[in-house]
Amino acid sequence: MEVQLTDYENAAFTTFVVLVSRVILYFNLNLYTPISCVDENMRRAHARDAVRTQRFHFQQRSMPPAAGQSDDGEPEPGPPAGQGGDMDSKRDSRASASCGRTAG
């Protein structure tokens, strides 16, 4: 038996996907998960009763750090007075972070 979305459901799903993509772009969310974390989660998920007995890696911070803040929430040392700084290079460094955070 085949089940398909109706025209209304298809339009609702498309609208939802567009809205989610706009939120991700507007807030500059970092939703990257290192492959090593994904592999570890998959290995753990194959165990019996994994939902209750295993701990899975997930990303706790998806927002980029505020200007002048490090990933730890501590103020970063700024550039010398009168000189500008580039926060974009610091913002992109989070994608290569190790998967040390777990939930469970």
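Assess whether VAL3 counts as being free of Cβ contacts under 8 Å to residues at least 24 places away in the same chain and within 22 Å of ARG61 (Cα to Cα).
Here the answer is no, as VAL3 does not meet what is asked.
For segment 51-60, enumerate the residues that are exposed (fewer than 11 other Cβ atoms within 10 Å of the Cβ) and of a type in the set (S, T, N, Q).
THR53, GLN60 - these are the residues of segment 51-60 that are exposed (fewer than 11 other Cβ atoms within 10 Å of the Cβ) and of a type in the set (S, T, N, Q).
Pairs under 7 Å by beta carbon, first residue open to solvent by less than 50 Å² (accessible area, probe 1.4 Å) in segment 25-50, partner of a type in the set (Ser, Thr, Tyr) and modelled with pLDDT of 90 or more, six or more apart or different chains?
As it stands, the answer is ALA47/THR53, since those pairs meet every condition given.
For segment 66-80, give me the residue count where each residue is surrounded by 13 or more Cβ atoms within 10 Å (Cβ to Cβ) and either modelled with pLDDT of 90 or more or touching a Gly at 6+ places or on another chain (Cβ under 8 Å) (or both).
1
The values are calculated or read from the model by the stated rules, or taken from the named source; none is laboratory data. Note that the structure is a prediction, hence the values are computed from the model and not measured. Using ideal geometry, Cβ is built from the backbone for each residue, glycine included, and neighbour counts are taken over all protein chains shown. For the accessible areas, the whole protein counts, side chains as well, though only heavy atoms, and no ligand, DNA or RNA atoms are used. Shrake-Rupley method; radii C 1.70, N 1.55, O 1.52, S 1.80 Å.
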